[in-house]
Ligand SMILES: [Zn+2]
């Protein structure tokens, strides 16, 4: 038991060891009594066992039963916290009590209070269930207490983690329901203290996926237990509070760089797409040019072999017409517009490439030609006589057949 009555006042076990003479006195004292049943108790403190009070005889006592049922880790925490709570109480001018019955059938490990403010501190080990915690919170609040908890966990977290992945209910409960979203946690085996603080700022807007800075919303860091203090929101430590502010800033900064990287990535993707589109266009152009070059070469080859002008491809074979054949096929009426210099040039160019269509169109025009057109044609023809005598001769042949006299 943490406390007993001595000279009509509450005496705590941890207070006894502070003064050797006082300890000797309490060890011999026969008038210590149980706070609950009033039976005689004594002080004990061995190598194995932490200091405490115990009934001299087996008694049916609610407080005695409660103390017997406590787990080792529970006792360890209460013993470690006692001087810390005393320090906090002294600093703020609070009154401190241990093992107080505020809500029915439950001993509150520590109560610190002034006339205006009251805190109930519970130690939460594996005996506590989720519904117990909810119930207790409501009961404490009804009594005007702010509910604070110290929790035990199997493994304390060492780096920022996702609150959503925190499976241990009491810690989750505190992170979400305490005013400052802060949990003080002790590792069950290693007995190391940590503080967790949840950053509840919603940073998810416009973010796709679960980047680590978004996912890990809870700061975790080791603390020395005597750093902790209490303010109007609950437990905190100066160092961890500073670290928490840094943590929040870091998350915001990482969010900004994430957006920037996303933006850059999209731009890069867009540029790549544009470039590959351009490349594809170039390839198509090159293919078409190659096809044209091949076709020209093929037509030139056919002309060289046959001396004819080459028409369209029919079933894989080019049609071939001699100048004689072209000149035989006279149009029955004038179905062509008036030709400009450009029209003549374009059909002459086709003839230079030995294409049937150019020759045929020129001949058709020659059959129904105006004086203006004749003058353009003759002009071009006389230039060709020097630059391309072969085509000039072919045109001359067609003009003769059409009946143009010059
Ligand atoms: Zn008792």
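The values are calculated or read from the model by the stated rules, or taken from the named source; none is laboratory data. The structure presented is a predicted model; accordingly, all values stated were derived computationally and were not measured. All Cβ positions, glycine included, derive from the backbone under ideal geometry; neighbour counts span all protein chains shown.
In this structure, is residue 25 surrounded by fewer than 19 Cβ atoms within 10 Å (Cβ to Cβ), more than 25 Å from residue 144 (Cα to Cα) and modelled with pLDDT under 90? Break it down into steps so the answer makes sense when it comes.
Numbers: surrounded by fewer than 19 Cβ atoms within 10 Å (Cβ to Cβ): yes; more than 25 Å from residue 144 (Cα to Cα): yes; modelled with pLDDT under 90: no.
Here the answer is no, as residue 25 does not meet what is asked.
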Those residues of segment 40-57 which are part of a loop (DSSP other than H, G, I, E, B) and within 13 Å of the ligand (Cβ to nearest atom), in sequence order: 56, 57
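Pull up segment 23-32, narrow it to residues that are more than 21 Å from residue 78 (Cβ to Cβ) and not in a loop (DSSP other than H, G, I, E, B), then point me to the one that is farthest from the ligand (Cβ to nearest atom). Please lay out each step first, then the result.
If we filter segment 23-32 for residues that are more than 21 Å from residue 78 (Cβ to Cβ), which is where we start, we get 24-25, 27-31.
Applying the additional criterion that residues be not in a loop (DSSP other than H, G, I, E, B) yields 24-25, 27-28.
Values: 24: 24, 25: 22, 27: 19, 28: 21 Å.
Looking at residues that are more than 21 Å from residue 78 (Cβ to Cβ) and not in a loop (DSSP other than H, G, I, E, B), I get 24.
One line per residue, one yes/no per condition, for (1) surrounded by 10 or more Cβ atoms within 10 Å (Cβ to Cβ); (2) within 24 Å of residue 320 (Cα to Cα); (3) in contact (Cβ under 8 Å) with a residue 24 or more places away in the chain; (4) touching a strand residue (DSSP E or B) at 6+ places or on another chain (Cβ under 8 Å):
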| position | (1), (2), (3), (4) |
| --- | --- |
| 268 | yes, no, no, no |
| 271 | yes, no, no, no |
| 274 | yes, no, no, no |
| 281 | yes, no, no, no |
| 285 | yes, no, no, no |
| 291 | yes, yes, no, no |
| 302 | yes, yes, yes, yes |
| 309 | yes, yes, yes, yes |
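Within 15 Å of the ligand (Cβ to nearest atom), assigned to a helix (DSSP H, G or I) and either surrounded by 12 or more Cβ atoms within 10 Å (Cβ to Cβ) or in contact (Cβ under 8 Å) with a residue 40 or more places away in the chain (or both): which single residue out of 4, 37, 67 fits that description? Don't jump to the end; show me each part of the working.
Details: 4 fails: assigned to a helix (DSSP H, G or I); 37 fails: assigned to a helix (DSSP H, G or I).
That would be 67, the only listed residue that is within 15 Å of the ligand (Cβ to nearest atom), assigned to a helix (DSSP H, G or I) and either surrounded by 12 or more Cβ atoms within 10 Å (Cβ to Cβ) or in contact (Cβ under 8 Å) with a residue 40 or more places away in the chain (or both).
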Residue 272 more than 30 Å from residue 199 (Cβ to Cβ) and either assigned by TED's automatic domain parsing to the domain that holds residue 206 or more than 22 Å from the chain's Cα centre (by Cα) (or both): yes
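Filtering segment 7-18 down to residues that are away from the ligand (no atom under 15 Å from the Cβ) and in contact with a helix residue (DSSP H, G or I) (Cβ under 9 Å, 6 or more places away or on another chain), which residue is nearest to residue 61 (Cα to Cα)?
As a first pass, look at segment 7-18 and keep what is away from the ligand (no atom under 15 Å from the Cβ): 7-9, 12, 14-18.
Now narrow it down to the ones that are in contact with a helix residue (DSSP H, G or I) (Cβ under 9 Å, 6 or more places away or on another chain): 12, 14-17.
Values: 12: 18, 14: 22, 15: 23, 16: 23, 17: 26 Å.
Across segment 7-18, the extreme among qualifying residues is 12.
The rows are residues; the columns are (1) surrounded by fewer than 19 Cβ atoms within 10 Å (Cβ to Cβ); (2) more than 22 Å from residue 183 (Cα to Cα); (3) away from the ligand (no atom under 16 Å from the Cβ); (4) in contact (Cβ under 8 Å) with a residue 12 or more places away in the chain.
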{"site": "59", "(1), (2), (3), (4)": "yes, yes, no, yes"}
{"site": "82", "(1), (2), (3), (4)": "no, no, yes, yes"}
{"site": "92", "(1), (2), (3), (4)": "yes, no, yes, yes"}
{"site": "117", "(1), (2), (3), (4)": "yes, no, yes, yes"}
{"site": "120", "(1), (2), (3), (4)": "no, no, yes, yes"}
{"site": "131", "(1), (2), (3), (4)": "yes, no, yes, no"}
Residue in segment 179-189 that is without any contact (Cβ under 8 Å) to a residue 24 or more places away in the chain, more than 25 Å from residue 256 (Cα to Cα) and assigned by TED's automatic domain parsing to the domain that holds residue 90 present: no
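Restricting attention to segment 168-178, does a residue exist that is in a loop (DSSP other than H, G, I, E, B), out of contact with any strand residue (DSSP E or B) (no Cβ under 8 Å at 6 or more places or on another chain) and over 16 Å from residue 239 (Cα atoms)? Working first, answer last.
Taking segment 168-178 as the starting set, the residues that turn out to be in a loop (DSSP other than H, G, I, E, B) are 168, 178.
In the following step, the residues that additionally are out of contact with any strand residue (DSSP E or B) (no Cβ under 8 Å at 6 or more places or on another chain) were identified as none.
No.
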